[in-house]
Every structure is written in C-alpha cells, then in structure tokens.
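Data first, discussion second: the structure below is written as structure tokens.
The values are calculated or read from the model by the stated rules, or taken from the named source; none is laboratory data. In this text the structure is predicted, and so the values were computed from the model without any measurement. Using ideal geometry, Cβ is built from the backbone for each residue, glycine included, and neighbour counts are taken over all protein chains shown. Accessible surface areas use protein heavy atoms only, side chains included; no ligands, DNA or RNA. Shrake-Rupley method; radii C 1.70, N 1.55, O 1.52, S 1.80 Å.
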Amino acid sequence: MSRQDPGSTIWFTLSIDGESLGYFNGCEGLSSQVEIEQRQEGGNNGFVWQLPTRVSFSTIRLTRPLTPDTTKVAKWISSLQTGIKRPTAQIAALRADGSEVARWGLIDVLPVSWTGPTLDPAHPAVATEVLEITHHGFTD
C-alpha cells in the first residue's frame, strides 16, 4: 500500500452538470453550519436540549490563473439570461499526479460573481480570475 502525502500541492476541478469548467488552484468556503436551538425541559436540570433547526452553506470561492477555460465560465454565467436553472456541480480535489483526494457534490448551484484580471502594465502580475458560487447543500 503506497502512502499519499496529504501536504502535496492540490488542484481543484469544477464541473457543472458533468461539463468541466477547468482546473482551479484555490478553493475556499466548502463549509456548512447547523443552527442550534436550546430548549430547557422542566424538571431536568442536568442539561439543556440542543436541537438542530436550519443548515446553511457558505459561498464557495474558486481562484486560478487566467486560462482558455475562462470562456466556459463566461458561457455558464451568460446562460442565466435565458432562464435560471439550478444545476448540480462537482468539486474534486486532485494531487499533482491527477489522483483524486476528495470530491464534493453540490445541489442547486448558481454563480454569485466572477472577477477577471486587473490588466495594468505599471503593476505586472499573474492574471487571475475568481469565481464565487452558491448552493443549497451537498449531495450524498
């Protein structure tokens, strides 16, 4: 059994309804939070009930250097003008050799924002893009 180094460089892929939008080198916001309601029970002084009420999911922010796949992101965002469809998505974390570390399925995905590169010859830097998406939860 070979040991995989968990500290190696990780890349992320994003696909919407099975269509790849390419590779990203940054992904943040894969999280959920369960709101808890506290209830006290008469005659029970040993603890307070902690009851789950609502689950919320944060916005996911994907970043990468500008690539030809940028046009795929623009096409997806432009498709919202003809009607909102909430597709499913997959985010996969990949090692440098292409092997998969983990995968997250997302339901009811929508793009929240896209930010393209700042093109300023006075301040040369890597041209990057940022895509933010929202969703209604993780698939099984």
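Assorted remarks:
- Residue among Arg86, Arg103 that alone is under 20 Å from the mean Cα position of the chain (by Cα) and more than 28 Å from Val126 (Cβ to Cβ): Arg86
- The range 82-110 residues that are free of Cβ contacts under 8 Å to residues at least 60 places away in the same chain, paired with ones that are open to solvent by less than 70 Å² (accessible area, probe 1.4 Å) and among the charged types (D, E, K, R) (beta carbon under 8 Å, 6 or more apart): Arg86/Asp108
- Strands (runs of 3 or more DSSP E) (entirely within the range 21-66) containing at least 3 residues that are hydrophobic (A, V, I, L, M, F, W, C): 49-57
- Residue tally, condition within 17 Å of the chain's Cα centre (by Cα) and either closer than 19 Å to Leu30 by Cβ or open to solvent by 60 Å² or more (accessible area, probe 1.4 Å) (or both), over the range 59-76: 8
- The residues of the range 54-110 that are of a type in the set (Val, Ile, Thr), under 30 Å from Glu37 (Cβ atoms) and in contact with a Phe, Trp or Tyr (Cβ under 8 Å, 6 or more places away or on another chain) amount to a single one, Ile107.
- The condition (being free of Cβ contacts under 8 Å to residues at least 12 places away in the same chain, out of contact with any His (no Cβ under 9 Å at 6 or more places or on another chain) and of a type in the set (Asp, Glu)) is satisfied by just one residue among Glu19, Glu35, Glu41: Glu41.
- The set of residues in the range 1-40 that are within 17 Å of Thr63 (Cα to Cα), aliphatic (A, V, I, L, M) and either modelled with pLDDT of 90 or more or touching a Pro at 6+ places or on another chain (Cβ under 9 Å) (or both) comprises Leu14, Ile16, Leu21, Leu30.
- Ser56 open to solvent by less than 80 Å² (accessible area, probe 1.4 Å), modelled with pLDDT of 90 or more and not β-branched (Val, Ile, Thr): yes
- Number of positions in the range 46-81 that are under 22 Å from Trp11 (Cβ atoms) and in contact with a Lys or Arg (Cβ under 6 Å, 6 or more places away or on another chain): 0
- For Thr71, the conditions (1) β-branched (Val, Ile, Thr); (2) closer than 15 Å to Glu19 by Cβ; (3) in a strand (DSSP E or B) all hold with the exception of (3).
- Complete set of residues in the range 96-140 that are more than 20 Å from Pro68 (Cβ to Cβ), touching a strand residue (DSSP E or B) at 6+ places or on another chain (Cβ under 8 Å) and modelled with pLDDT under 90: Ala96, Asp140
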